[in-house]
1. About its Cα centre, what dipole magnitude does region 170-343 give when the only charges are +1 on Lys and Arg Cβ and -1 on Asp and Glu Cβ, stated in debye to the nearest 20?
2. Using the Cα atoms as the points, what is the convex hull volume per residue of region 170-343 in Å³?
3. Evaluate the charge dipole of the chain about its Cα centre and quote only its size in Debye, nearest 20, assuming +1 on the Cβ of each Lys and Arg and -1 on the Cβ of each Asp and Glu.
4. Report the antiparallel proportion of the DSSP beta bridges in the chain as a percent, rounded to a multiple of 5.
5. Can you give the Kirkwood hydrodynamic radius of region 4-153 from its Cα pairs, in Å with one decimal?
6. Relative contact order for the chain using alpha-carbon pairs under 8 Å, separation at least 6, rounded to a whole percent?
7. Take PHE34, project a point 7 Å from its Cα along the Cβ direction, then tell me which residues of region 68-97 have their backbone nitrogen under 14 Å from it.
8. Using the 10 angstrom Cβ neighbour count as an exposure proxy, how do CYS49, CYS309 rank, fewest first?
Amino acid sequence: MTERFLGFQLKNLGDVLMTLPALALLKKRRPNSFLSLVVRPQTAPLLECHPLVDEVVAHSFKPRGLDFLSTRRLAKTLKSQGFSASFHFDGQKRGGVLALWARLPVRAVGLGLLGVSGLKSPWLYNRKVALRAPHGAWESLALSHQRLVAEVLGVEPEPALLAPGLTIPPAAQAAAKALLAGLPGTGPTIGLTLRGRQKEKSWPLDFWAEVVRDLWRAKGARFYVAGEARDRELAEALARLAGVKMGDFCGLTDLLGFVALAAESDLYLTVDTGSAHLVSLTATPLVTIFTATNPVQWGALSQRQTRICYEWALARFGLSSGPFLGFPVVRPPEAIGAALAFLEE
C-alpha cells in the first residue's frame, strides 16, 4: 500500500519554495510515497508544475476567519485519503484544525522559527519538533523544514540535498521569448526586481539607475523590470533616470511566466523578495541585495548566486560577513562587480 503524506504551507511564495528541500528529503527516503501539499490558490499553479508534488490542494481562506463549512468539507476529503502524517511547515492554526478534524494519526509542527515559536493552539499537534540548530546559530529556513521531516521519518537532515527544478510549460516559455524579443540591443539579458513588499527591503532608485547605465555601457546589456502591476510607475521612473530603454513587464506575467522569463535571462538582480526564490528554480545566476533581512535564513536556494548585504542587516542577526559580501551601505559598484563576475564567466 502506498504511504501518503500531507504538507501544509499556507504562507507566502518564499515560504512555499523554502519547503522544497524538505519535500525532496521525504521523496528520497520514501520514493514510493504519495505527497499532497496544501497551499494558497496563488501559489498552486507553481507547485502543480513541480515534480516533487503529486497533488496540490488549493485552499482559499480569509486569514483572520474560519469558514466552518468549507473547512469541514476539506477535512472530510483529507480523512478519506488515508494520510499517515501531516507536516505543518507554516505553523498556521488553520492547517492544524484541518488535520485534527481529518483525524490524521501524526500531526507534526516545528518550533523555534519566526512566526511559529508561539503556537496559539499547541493541542492541535501531537508531534512537536525543535527546528533551530542545536548550537543556536541561524540556518536556512529550508534546512529547518528538513529537520521536521527528518524527525518524523527517523532520518538525518541532508543540508546539501537539492530539490529538482521546475517544469516550465511550453506556453510559458513561448510567451517569455516573445516578451524578450522586443528588448533593444544584442547584449546579455538582465532582469530586475526593484522593491519588496516591505519598504525596508527596497534599494534606492538612483542606485539602480547607476547599475543599469554601467552594465549597459560595459556589456550592451538588455534590461527588463518584472513585478506586480503596481511597480510599473517605478519601472518607468528607472528608465527615465538611467536614460536606458528597457522592458516594463510589471503585471504582465503570472508566477510561471516570471520563472520562464528568468530562465531565458543571463542574469537576475533583485532585492530580497519572492523574485529571488523564483529565480532559484532556474539555472540563471542571481544577485540579491539584503538591506534588512537575514541572508542565512531567507537566502534563496540558487546554486549560482551572490548575496550582498548591508552590515547592519548582518549585525542585526549576529552574523559576520563570512560567505556574504558585507558593506556599511551597498552601493552600485558592489552590485555591478557581482553582476560582471557572472557575465564574464
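1. Computed charge dipole of region 170-343: roughly 100 debye.
2. So the per-residue hull volume is 99 Å³.
3. Dipole about the Cα centre, nearest 20: 1380 debye.
4. Details: 0 of 42 bridges.
So the antiparallel bridges in the chain amount to around 0 percent.
5. 15.3
6. Numbers: 656 pairs, mean separation 48.9, N = 345.
So the answer I get is 14 percent.
7. 77-85
8. CYS49, CYS309
Only the coordinates and a few stated rules stand behind these numbers; no lab work does. Predicted model only: the values in this text are computed from it and were never measured. As a convention, Cβ positions derive from the backbone with ideal geometry for all residues, glycine included, and neighbour counts pool all protein chains shown.
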